[in-house]
Amino acid sequence: MFDRLYRSAVLGVASRKPVEDLVRARAWSVAQRFVAGEQSTTAIQAVQDLARDGILGNLDLLGEFVNSPETANIFAEQVLALQTQAAAAGVAPYVSVKLSSVGQGLTVNGEDLGLHNARRIVAQAREYGGFVCLDMEDHPRVDVTLAQLRTLIGEFGREHVGSVLQSYLYRSEADRAALDDLRPNLRIVKGAYLEPETVAMPVKADVDAAYRRLVYSHLKAGNYTNIATHDPEIISDVKMFVLSHGIPRTQFEFQMLYGIRRDLQKKLAAEGFTVRAYIPYGRDWYAYFSRRIAERPANVMFVLRGMLKG
Ligand SMILES: Cc1cc2nc3c(=O)[nH]c(=O)nc-3n(C[C@H](O)[C@H](O)[C@H](O)COP(=O)(O)OP(=O)(O)OC[C@H]3O[C@@H](n4cnc5c(N)ncnc54)[C@H](O)[C@@H]3O)c2cc1C
């Protein structure tokens, strides 16, 4: 309950324009711990740096809901350019995309613009031997995102596109079962948005228990599973689970956010597990940064100290 109140308070304060202006002006040096610069070149460099520790990358051009087709198309072009740049640098592009940033919900020529742009991005990723993960946003977008996932897997194959389920949503276990016929590559997360109690579990212990159930059932069904958490207890339980169920290491990977639990990322990679860091970059870093801060009281102090240092 405290977690929810804390998250709600921090996100509430962070959403005020004067706070945003202040943090943008004074906290960029702190934000760079979580964000790999503002340009695609620095993000691709981050992938190459992590590769030295045996860690893979997942590039994310930061950006959320847009309300004009022009902005959505510009954003999609930037993702396409990122994939081309990554491929030219010898990195098979693995990108995450929020469909709201490429036009989901906007209809152009009778078609959802988000799906139209996602098709272009996934088609190009397939050409380069890459992969696109459709990030999961707030709960009103779940139905449409999963429907679009189904369409895209049908057109391009599950080797090139997957999505995310959030364990805090009551609906996610049913959603996972309903997708089973696709054998989809899914990332399991706890969930980062401030959701009403009518749709999301308010108690952390319930979210953690649902997280384990989602991961275990997706693995048991034989599907590729991305275990995206920094939670050391869950990670250790998953390691025991795969061992006791004879699940091969080629069927799952651990994923964490850039700059968070770097020690654990390196340790897992050194133990021979596949580890992938989610590498956000771009000028639109504020909303992402606020969510990371809202996850952990210690991070607020980290930001305040950084701002005082200037
Ligand atoms: C690769 C990846 C992709 C994601 N994609 C999505 C998505 O598409 N949609 C979505 O809603 N959410 C997404 N998330 C965010 C996710 O929903 C959680 O908000 C976030 O991962 C924090 O939860 P946790 O699983 O680490 O567990 P928590 O219960 O929050 O934390 C467990 C432990 O991890 C450590 N930890 C967690 N956060 C931090 C931090 N900020 N700083 C330092 N230590 C920390 C602490 O030791 C903590 O005790 C993603 C997360 C990851 C790792």
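The values are calculated or read from the model by the stated rules, or taken from the named source; none is laboratory data. These figures come from a predicted structure and were not determined experimentally. Here Cβ is always computed from backbone atoms with ideal geometry, including for glycine, and neighbour counts include all displayed protein chains. With ligands, DNA and RNA removed, areas are computed over all heavy atoms of the protein, side chains included. Shrake-Rupley method; radii C 1.70, N 1.55, O 1.52, S 1.80 Å.
Of the residues that make up the range 242-264, is at least one of a type in the set (Asp, Glu), within 16 Å of the chain's Cα centre (by Cα) and part of a strand (DSSP E or B)? Checked the range 242-264: at least one residue is of a type in the set (Asp, Glu), within 16 Å of the chain's Cα centre (by Cα) and part of a strand (DSSP E or B). Of all residues in the range 193-207, exactly one satisfies the criterion of being in contact with a helix residue (DSSP H, G or I) (Cβ under 7 Å, 6 or more places away or on another chain), surrounded by fewer than 20 Cβ atoms within 10 Å (Cβ to Cβ) and under 22 Å from Ile235 (Cβ atoms), namely Lys204. Screening Phe75 against (1) touching a helix residue (DSSP H, G or I) at 6+ places or on another chain (Cβ under 8 Å); (2) within 16 Å of the ligand (Cβ to nearest atom) leaves a single unmet condition, (2).
Each row is one residue, and each column tells you yes or no for (1) within 14 Å of the ligand (Cβ to nearest atom); (2) of a type outside the set (Val, Ile, Thr); (3) touching a Ser or Thr at 6+ places or on another chain (Cβ under 7 Å); (4) not assigned by TED's automatic domain parsing to the domain that holds Phe131.
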site	(1), (2), (3), (4)
Glu195	yes, yes, no, no
Thr198	no, no, no, no
Lys204	yes, yes, no, no
Ala210	yes, yes, yes, no
Pro232	yes, yes, no, no
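For the condition more than 18 Å from Val97 (Cβ to Cβ), out of contact with any strand residue (DSSP E or B) (no Cβ under 6 Å at 6 or more places or on another chain) and more than 15 Å from the ligand (Cβ to nearest atom), Leu115 does not qualify. Restricting Glu38, Glu64, Glu70 to those that are among the acidic types (Asp, Glu), assigned to a helix (DSSP H, G or I) and more than 18 Å from Phe302 (Cβ to Cβ) reduces the list to Glu70. Annotation note: Cβ proximity below 9 Å between a residue of the range 230-246 that is over 20 Å from Lys266 (Cα atoms) and a residue that is of a type outside the set (Phe, Trp, Tyr) and within 12 Å of the ligand (Cβ to nearest atom) (sequence gap 6+ or interchain) occurs for Phe241/Arg212; Phe241/Val215.
Here's the yes/no breakdown for (1) away from the ligand (no atom under 16 Å from the Cβ); (2) over 19 Å from Leu59 (Cβ atoms):
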site: Ser96; (1), (2): no, no
site: Asn109; (1), (2): yes, yes
site: His139; (1), (2): no, yes
site: Ile153; (1), (2): yes, yes
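So that you can scan it fast, the table gives a plain yes or no per residue for (1) surrounded by 13 or more Cβ atoms within 10 Å (Cβ to Cβ); (2) within 17 Å of Arg276 (Cβ to Cβ); (3) not assigned by TED's automatic domain parsing to the domain that holds Lys204:
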position	(1), (2), (3)
Trp28	yes, no, yes
Ile44	yes, yes, no
Val47	yes, yes, no
Gly63	yes, no, no
Pro69	yes, no, no
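The residues on offer are Glu271, Glu253, and the sole one that is open to solvent by 10 Å² or more (accessible area, probe 1.4 Å), assigned by TED's automatic domain parsing to the domain that holds Arg171 and of a type in the set (Asp, Glu) is Glu271.
Screening Ala294 against (1) more than 10 Å from the ligand (Cβ to nearest atom); (2) surrounded by 18 or more Cβ atoms within 10 Å (Cβ to Cβ) leaves a single unmet condition, (1).
Among the candidates Gly110, Gly63, Gly103, the residue that is modelled with pLDDT of 95 or more and either among the aromatic types (Phe, Trp, Tyr) or under 20 Å from the mean Cα position of the chain (by Cα) (or both) is uniquely Gly103. Just to be sure, is Ala177 open to solvent by 40 Å² or more (accessible area, probe 1.4 Å) and within 11 Å of the ligand (Cβ to nearest atom)? No, not satisfied. Ile227 meets each of the listed conditions (1) open to solvent by 20 Å² or more (accessible area, probe 1.4 Å); (2) within 14 Å of the ligand (Cβ to nearest atom); (3) outside any loop (DSSP other than H, G, I, E, B) apart from (1). For the range 103-135, the set of residues classified as more than 23 Å from Ser68 (Cβ to Cβ) and part of a loop (DSSP other than H, G, I, E, B) consists of Tyr128, Gly129, Gly130, listed by residue number.
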